[in-house]
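Following: one structure in structure tokens, then a few remarks.
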Amino acid sequence: MATNFIQDGKVVTCVAPAGGVVSGGLYAIGQLVVVALANAAAGANFEGATDGVWSLPATAGLLAGAKVSHLTNALVADGTALSIPCGKLVKGTVNGIAQVRLSN
């Protein structure tokens, strides 16, 4: 194996932003979008998933197969101003929740 391999990258250690993180929440760490796997206070290390299919808060009207981005801890249409691209929907928004396949 190559000697410069570190990890598969599906889960990475990040530093919690201001306000901390809540397990299951969607967060942007710079341009990296993760789902927190545990609660953490601001400035503390936490594990964040960069991959997988997750049920997350989303704006209304997003349809399965659509590219989506992260904005203010929720999924929005890709290309929304100030948003960070993060994946594609597996299932569209129903009652404010959509299923997304994260891909950073």
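Taking the conditions exactly as written (in a strand (DSSP E or B), within 16 Å of residue 26 (Cβ to Cβ) and either of a type in the set (Lys, Arg) or in contact with a Leu (Cβ under 7 Å, 6 or more places away or on another chain) (or both)), does residue 82 satisfy them or not?
no
What residue, among those in the range 41-57 that are outside any strand (DSSP E or B) and among the small types (Gly, Ala, Ser), is surrounded by the most Cβ atoms within 10 Å (Cβ to Cβ)?
Result: 44.
Is it the case, given these coordinates, that residue 100 is at pLDDT 95 or above and either surrounded by fewer than 16 Cβ atoms within 10 Å (Cβ to Cβ) or among the hydroxyl-bearing types (Ser, Thr, Tyr) (or both)?
It is false that residue 100 is at pLDDT 95 or above and either surrounded by fewer than 16 Cβ atoms within 10 Å (Cβ to Cβ) or among the hydroxyl-bearing types (Ser, Thr, Tyr) (or both).
Restricting to the range 17-31, and then to whatever is part of a strand (DSSP E or B) and touching a residue at least 40 places away in the same chain (Cβ under 8 Å), can you tell me which residue is nearest to residue 100 (Cα to Cα)?
26
Please state which one of 61, 87, 79 is within 23 Å of residue 8 (Cα to Cα) and not hydrophobic (A, V, I, L, M, F, W, C).
Every option except 87 fails the conditions.
What are the residues in the range 58-76 that are part of a strand (DSSP E or B) and surrounded by fewer than 16 Cβ atoms within 10 Å (Cβ to Cβ), if any?
Correct list: 67 only.
The values are calculated or read from the model by the stated rules, or taken from the named source; none is laboratory data. Predicted model only: the values in this text are computed from it and were never measured. Neighbour counts run over all protein chains shown; Cβ positions are idealised from the backbone, glycine included.
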